[in-house]
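The values are calculated or read from the model by the stated rules, or taken from the named source; none is laboratory data. It should be emphasised that the depicted structure is a prediction, and the values quoted were computed from it without experimental measurement. Note that each Cβ is placed from the backbone with ideal geometry, even for glycine, and that neighbours are counted across all protein chains shown. These area figures cover heavy atoms from the full protein model, side chains too; ligands, DNA and RNA do not enter into them. Shrake-Rupley method; radii C 1.70, N 1.55, O 1.52, S 1.80 Å.
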Amino acid sequence: MRTLLEDLLNNRYKSLSLTIGASALVIFLLCAWLVGSHAPALNANDAALRSLVNAHRTNWGTAFFTHLTLTYNSTGTTIIAGFVTLVALLGFSWRAGLQVALTVATGSLLNHYLKSLFQRPRPTSDVLIHYGGWSFPSAHAALSALTMGCLVLLILRTKWPTKYRHPLATLAVVFALLIGFSRLYVGAHFLSDVIGGWALGITVVAFFDALFHRFLPYQVRSVQRAKRRRPRPRVNRPQARRH
């Protein structure tokens with residue numbers, strides 16, 4: 001895992017970004033094909049998982065995931081996206097800020113277009129929070145992957161020690177996972193909607209990361225600690241004798 005992260009964060013991360021993006025794209029296309037073809041197996045698995053989640057709802061879980069999914073609304077997403085963009089501008093350069101802004105904006109618009117394209121109805125039974133609009137792909141899942149994906153890249157590319165970078169990046173990933181699960185918990189989406197949203201967000205993040213690396217590269221701070229220069233041993237030169 002550490003080797004994977006180090007390859008991503010150094011100048012050799014271009015091919016790895018494309019690999020991650022291509023893998024996410026394959027997952028999204030698979031979800032899109034199953035949803036578009038109304039595959040019986042997909043619908044059955046989505047319904048079975050929803051029933052499993054509904055059967056294990058608790059009072060504290062309902063309170064936590066309801067507040068979490070309500071917090072990550074359009075206003076919350078805008079604030080988080082603005083924060084990540086500000087981190088990119090102040091911590092790196094205007095090109096990094098532009099990358100974050102274009103990533104989030106493009107992913108959001110693409111998600112909106114795909115919803116109107118697939119027009120998948122939302123769940124109707126055992127719903128804690130009712131939403132309008134279509135279900136696939138999940139906008140909450142896509143936006144959490146977009147914002148947290150950009151934040152993870154920025155965190156891991158700083159000069160902070162590993163003991164700070166990796167836990168912070170892990171927290172960002174966990175947050176995105178919790179946002180996606182909250183949509184399933186409150187009954188706003190099916191599992192395939194959430195997976196499709198995550199895959200879409202990761203695809204867009206990887207695409208713009210590779211695009212900026214190719215055409216608008218910005219200074220990526222090395223994650224390797226600078227090697228300390230060993231002090232040169234002093235050479236006691238013989239002093240010239242005074243006559």
Here the range 197-203 yields Karplus 3J(HN,Hα) values (6.51, -1.76, 1.60; θ = phi - 60°; whole Hz; Gly and Pro given as x) of x, 4, 4, 4, x, 5, 4
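What order do you get for 141-147, 71-77 when each peptide is scored by the mean count of other beta carbon atoms within 10 Å, highest first?
Details: 141-147: 29.1, 71-77: 14.6.
Packing proxy ranking, top to bottom: 141-147, 71-77.
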Applied in sequence order to the range 72-84, the curve 6.51 cos²θ - 1.76 cosθ + 1.60 (Karplus, θ = phi - 60°) yields integer Hz couplings, x standing for Gly and Pro, of 8, 8, 4, 5, x, 5, 5, 5, 5, 5, x, 5, 5
In whole percent, the fraction of accessible protein surface over the range 112-216 that belongs to carbon or sulfur atoms, probe radius 1.4 Å, stands at 72
Computed over the range 120-173, protein heavy atoms only, probe 1.4 angstrom, the accessible area per residue in square angstrom equals 44
Here the range 179-196 yields Karplus 3J(HN,Hα) values (6.51, -1.76, 1.60; θ = phi - 60°; whole Hz; Gly and Pro given as x) of 4, x, 5, 4, 5, 6, 5, 7, x, 7, 8, 8, 4, 5, 5, 5, 4, x
Listed by chain and number, the residues whose amide H is under 5 Å from that of Ser135, excluding neighbours fewer than 5 places away on the same chain and using placed H, are Arg120, Arg122
Quick tally, 1.4 Å probe accessible area for Ile27, Ile195, sorted with the most first, runs Ile27, Ile195
Counting only backbone N atoms under 16 Å from a point 7 Å out along Cα-to-Cβ of Asn54, the residues of the range 169-207 in range are 183-192
The alpha-carbon center of the range 113-144 and that of the range 51-81 are separated, in whole Å, by 15
